[in-house]
Structure formats: C-alpha cells, structure tokens
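Just below is one structure, and these are the notes that go with it.
The values are calculated or read from the model by the stated rules, or taken from the named source; none is laboratory data. On a predicted model such as this, the values are computed, not experimentally measured, just so you know. Cβ atoms come from the backbone with ideal geometry, glycine included; neighbour counts cover every protein chain shown.
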Amino acid sequence: MNVGSAVINGQIAEAVIERAVAGDEMAFARIVAGHHEDMARIAYLVSGDLDVAADAEQAAWAIAWRRLGALRDPTRLRPWLMSVAANEARQIMRSQRRRSVRELTIDGPGSSLAPDRSALIDLANAVAGLDYRDRTMIGMRYIAELGSEAIGRELGLSASGVRVRLHRLLGRLRKELGDD
C-alpha cells in the first residue's frame, strides 16, 4: 500500500492507524506523510519561529508514536495531532522564555508571499499578538481546515463556542488591521 492509498477523503485509513499502534513503522510513516505539513504549519503559527516549529513538530511526532495507542477514535487522529503539535510549540516557547523582540518571517512553511508584503507583516504581527489558545484555534481552523466540532473536542469547547470565539477573533483581527 502506498501513501496515497492510506488516505481516504483526507483521513488516514483506520487499518493504517491500527497497524501503527501495533508498532508497524511503515504504517506510522504513512501517518507522518499525511500530516507532516499541517503539523509544521500549526507549530509555526503558534510559535512564530521556524526553528521552534521544527523542534515542536519533531517532539510532537515522538509523542504521537508513544501515545497513538491512547487514541480511542481513529477519526480524531488529525485534530489530535494538530493539538499535540500546538502544545509542543507552546511548551518549547515557554521553556525558552522568549520574551525578547522577535524577528518576523513572512515566508513560513507552506505560505506563498502576497503581493502586499506590508499587509502580510501586519497580519503576522496581529496573529503573534494573540494568545496561544487563540493562535491554536485559528491554525486548526484555517491551516488544518478542521471543523468547529473537531476543534472543540480538542480544546474542550462546544462547537458553537468555537464558532463564536473564531468570529470574535476574526473581528478583532479585522479591527486591528483596519479592515472593518
């Protein structure tokens, strides 16, 4: 089975997950191939630092390998992985006590440069000003393209609570960016 046949409608096939839980490294490699980019994007969004994002993603995969057997619902694999990556990025940032001025990069994992670089810098600054939980929620919604129910399960919120919070966050970002 190649990587492509392990993914059905954006989801890793349950049999692949079961084999990975049983210790099949090739099955786990298929999971990594299916979710690597989204985990890198989430970690970057949370941390705002390419090096931290890379470290967080590697740590997240190690955790996923060890704890995959604790995942009770295989359909929740993707949101669970995104949550692990976000948590690892936050933990690394906390341990490094990054309180100094950061250099913003505007060409992170998977991004394409917009024609208006100043607008992109403004957006990066506005998102960087959000707290960890808000950046995680935005990343899970707009990078991983998860629905409000999946995000809510991972963050301990109701689906309607996620929608309301996202609506308020986007309103706040629009206001800050002068895009009312």
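Failed condition for Leu155, given (1) more than 26 Å from His35 (Cα to Cα); (2) touching a residue at least 12 places away in the same chain (Cβ under 8 Å), with all others met?
The number of the failed condition is (1).
Evaluate the following for Gly110: is it surrounded by fewer than 16 Cβ atoms within 10 Å (Cβ to Cβ), touching an Asp or Glu at 6+ places or on another chain (Cβ under 7 Å), in a loop (DSSP other than H, G, I, E, B) and at pLDDT below 85?
Yes.
Return the only residue of Arg76, Arg94, Arg72 being of a type in the set (Lys, Arg), under 15 Å from the mean Cα position of the chain (by Cα) and modelled with pLDDT under 90.
Arg76
Restrict the check to segment 159-173 and report whether at least one residue is of a type in the set (Val, Ile, Thr) and either free of Cβ contacts under 8 Å to residues at least 40 places away in the same chain or touching a His at 6+ places or on another chain (Cβ under 8 Å) (or both).
Yes, because at least one residue in segment 159-173 is of a type in the set (Val, Ile, Thr) and either free of Cβ contacts under 8 Å to residues at least 40 places away in the same chain or touching a His at 6+ places or on another chain (Cβ under 8 Å) (or both).
Of all residues in segment 44-85, which are of a type outside the set (S, T, N, Q) and either in contact with a Cys (Cβ under 9 Å, 6 or more places away or on another chain) or over 21 Å from Ala20 (Cβ atoms) (or both)?
Hits for segment 44-85 are Tyr44, Leu45, Val46, Gly48, Asp49, Leu50, Asp51, Val52, Ala53, Ala54, Asp55.
Do we find that Ala126 is surrounded by fewer than 17 Cβ atoms within 10 Å (Cβ to Cβ) and either over 12 Å from Pro79 (Cβ atoms) or within 14 Å of the chain's Cα centre (by Cα) (or both) in this structure?
Criteria met by Ala126.
Could you tell me whether any residue of segment 54-64 is within 19 Å of Gly152 (Cβ to Cβ), among the aliphatic types (A, V, I, L, M) and surrounded by fewer than 24 Cβ atoms within 10 Å (Cβ to Cβ)?
There is no residue in segment 54-64 that is within 19 Å of Gly152 (Cβ to Cβ), among the aliphatic types (A, V, I, L, M) and surrounded by fewer than 24 Cβ atoms within 10 Å (Cβ to Cβ).
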